[in-house]
Amino acid sequence: MTTPTPSQDTGTLAAAEAARVQRYHDRLLAALAARDRTALRGVKQEVLQAAYATPPQGGRSAALRRALRLLAWRMAGLRLPRGASR
């Protein structure tokens, strides 16, 4: 009998999956800090595609999809003021 990976049965993220979500989060914050509207829009689109692509690509676990969807909801309200684009 094989031991399930953490992301398969327990609903927790594997280390690589957690790092992926963290990279998206860091990129979102960096785009906000730089007040770069184009970069912010691009990262938001990448997160949405990763979270909602059908069928799941790259063998993503249910936990990773949930984490990406949660990040997508949280980033939905991220907006820069109109005069802030680069």
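Points to keep in mind about this one:
- Flag for Thr54 being open to solvent by 30 Å² or more (accessible area, probe 1.4 Å) and part of a loop (DSSP other than H, G, I, E, B): yes
- The stretch 26-41, residues that are open to solvent by 70 Å² or more (accessible area, probe 1.4 Å), modelled with pLDDT under 95 and out of contact with any helix residue (DSSP H, G or I) (no Cβ under 6 Å at 6 or more places or on another chain): Leu29, Ala33, Thr38, Arg41
- Every condition in (1) of a type outside the set (Asp, Glu); (2) surrounded by 18 or more Cβ atoms within 10 Å (Cβ to Cβ); (3) modelled with pLDDT of 80 or more is met by Trp73 except one, and the failing one is (2).
- Residue list for the stretch 4-20, restricted to those being part of a loop (DSSP other than H, G, I, E, B) and either of a type in the set (Asp, Glu) or modelled with pLDDT under 55 (or both): Pro4, Thr5
The values are calculated or read from the model by the stated rules, or taken from the named source; none is laboratory data. Since the model is a prediction, treat every value here as computed from it, not as a measurement. Note that we place each Cβ from the backbone using ideal geometry, even for glycine, and neighbour counts take in every protein chain shown. Ligands, DNA and RNA are stripped out before the accessible areas are found, and what is left, the full protein with its side chains, is counted by its heavy atoms. Shrake-Rupley method; radii C 1.70, N 1.55, O 1.52, S 1.80 Å.
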